[in-house]
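**Student:** Quick one: structure below, then a few questions.
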Amino acid sequence: MIFTLPSWNAQIAKVFQSIGTPFFHEELVDLLEATVSTDAFWIIRYSGEAVPDVVFTRGVSVHTERVYSRQCAPIDPFSARWRSLREAGVFTLEWLRTNDPSCTSYSDLFLRAAEMDDELGITIPLTNQNCFAIFLERKHGIFTDDDVFILKTLYPTIEGCCRAHLRRVFNDVKKAEIIKGAPIVPRPTAIFDHAGHQVYSDDSWSKAVRRFPMLGRLATGLVSEGGTESIMDDWILRAERLTSDFPIAPNGSKLVLERLTIPLPIRNADDAPDVLSLFTRRERDVFRLMLNGVKNDGISAELGVGGGSIRNIKFRIYRKLGVSSESELVSKFIVFKELL
């Protein structure tokens, strides 16, 4: 049995050691290559109706990737099966084609471009919307029932390693903010993909969603509109765009819910020097225009600053003044209007 070979056990040890590192996908593919004869590999993330994200490939030409992304992704039968059934498991393209004639156009187009005879997919659900799909391709001959049986036997290990890797990456993202000097307090955090679907979250995020039912809607809005912050009572929902090579959600967003922690009492005109000393020159200009009732477009036009930058400046002003909305800011600091 292949699982008893010393070389195979040494490779699975390398997979365990690589969890949470940039080398995880390489070591996982090495393990699969040592398990079943394979000529090429893909790792693709499926997310509801969104276009699949190619996360990793080996032995795949640029031409083949281009054909998949431009022509095959919309008719990918593995993606279609995930969308309709949300089913985990191991499936061959030959099996899908036998059970669903509509797969023929995909298999003819894709296999010809890839110069392969068969493809095998391993789907690993992450959430109700998202899954990771690992693909093995064979240049000559189809994957056999024995190949499928071996990979089904290995499936719990593959799934466990993938989940552990994503959890480690997610925790490292959170830890990075603490290292930068962020306060060590519960900060509900979640990862959303570029289509606005939640991919990963911590326990404190789940608790926050129960407390603020509108949180999911606000989060989806921030992701889809490309925003950077949203104010909710005395909480701030902050969004940060992720890179195209982020393994959990390429081109997605990390959202963090933070509590306003710099409350200031209602001020009077005598406190103006102290309050204004909190601001940069640009923040002071925006503060003045806000007190005069000028909206974002007007502020942007007067100062020659983009709308996204204006929102970010307002976010900093809110935090420095300990307020959670523009109406609260105006009501507390309108007395400064004549002094600016």
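The values are calculated or read from the model by the stated rules, or taken from the named source; none is laboratory data. Predicted model, so just to flag it, every value in this text is computed and none were measured. The area values use the complete protein model at the heavy-atom level, side chains included, leaving out ligands, DNA and RNA. Shrake-Rupley method; radii C 1.70, N 1.55, O 1.52, S 1.80 Å.
**Student:** Can you give me the long-range amide H partners of residue 194? Hydrogens built in the peptide plane at 1.01 Å from N, cutoff under 5 Å, separation of 5 or more residues or another chain.
**Tutor:** Those lying under 5 Å, H to H, from residue 194 are 252.
**Student:** Still on this structure, I have one more. With 31 Å as the limit, write out which pairs from 207/337; 254/320; 14/139; 207/314; 207/295; 152/207 have Cα-Cα distances beyond it, or answer none. Please report the intermediate quantities before stating the final value.
**Tutor:** Numbers: 207/337 40 Å; 254/320 23 Å; 14/139 27 Å; 207/314 28 Å; 207/295 34 Å; 152/207 35 Å.
Over 31 Å Cα-Cα: 207/337; 207/295; 152/207.
**Student:** Could you tell me the largest-minus-smallest coordinate of the C-alpha atoms of the range 116-157 on each of the three principal axes, in descending order and whole angstroms?
**Tutor:** Ordered largest first, the range 116-157 gives principal extents of 35, 21, 12 Å.
**Student:** Ignoring ligands, DNA and RNA, what percent of the 1.4 Å accessible area of the range 32-106 is carbon and sulfur? Mind showing how you got there, number by number?
**Tutor:** Working: 1690 of 3390 Å².
After summing per-atom areas, the C and S share lands at 50 percent.
**Student:** Turning to a different aspect of this structure: How high is the relative contact order of the chain, in percent, counting Cα pairs under 8 Å that sit 6 or more residues apart?
**Tutor:** 13 percent.
**Student:** Additional query: Can you list residues from other chains, or at least 5 along the same chain, whose modelled amide H is less than 5 Å from the amide H of residue 229?
**Tutor:** So residue 229 has HN proximity to 239.
**Student:** Would you mind getting the accessible area per residue of the range 112-165, heavy atoms of the protein chains only, 1.4 Å probe, in Å²?
**Tutor:** Details: 2210 Å² over 54 residues.
Roughly 41 Å² per residue, with all protein chains present.
**Student:** Here's another thing I want to ask about it. Considering just Cα atoms, how many Å³ per residue does the convex hull of the range 200-257 enclose? Working shown, then result.
**Tutor:** Numbers: hull volume 4.1 nm³, N = 58.
Convex hull volume per residue, Cα atoms: 71 Å³.
**Student:** Now for a different question. Give the value in nm², to one decimal: projected area of the alpha carbon convex hull of the range 1-143, averaged over all directions.
**Tutor:** Values: hull surface 35.5 nm².
Averaged projected area of the range 1-143's Cα convex hull equals 8.9 nm².
**Student:** For the chain, what does -39500 (n - 2.57) per DSSP helix run (n ≥ 4), summed and divided by total residues, give at 222 nm, in deg cm²/dmol to the nearest 500? Walk me through the numbers on the way to the answer.
**Tutor:** Working: 14 runs with 160 residues, N = 340.
Result for the chain, helices only: -14500 deg cm²/dmol.
**Student:** When the expected Rg is taken as 2.2 N^0.38 Å, what fraction or multiple of it is the alpha-carbon Rg of the range 59-201? Please report the intermediate quantities before stating the final value.
**Tutor:** Values: Rg = 18.3 Å, N = 143, 2.2 N^0.38 = 14.5 Å.
Compared with the compact-globule rule of thumb, the range 59-201 sits at 1.26.
**Student:** Considering only protein heavy atoms, what per residue accessible area in square angstrom results for the range 67-109 with a 1.4 angstrom probe?
**Tutor:** Values: 2120 Å² over 43 residues.
Counting only protein heavy atoms, the per-residue value for the range 67-109 is 49 Å².
**Student:** Now, a different point. Any idea what log10 I(q)/I(0) is at q = 0.07 Å⁻¹ for the chain, Debye with uniform C-alpha scatterers and no solvent?
**Tutor:** Log-scaled intensity ratios, in q order: -0.42.
**Student:** In terms of the Cα gyration tensor, with a ≥ b ≥ c the square roots of its eigenvalues, is the range 70-112 rounded because a/c is under 1.5, prolate because a/b exceeds b/c, or oblate?
**Tutor:** oblate
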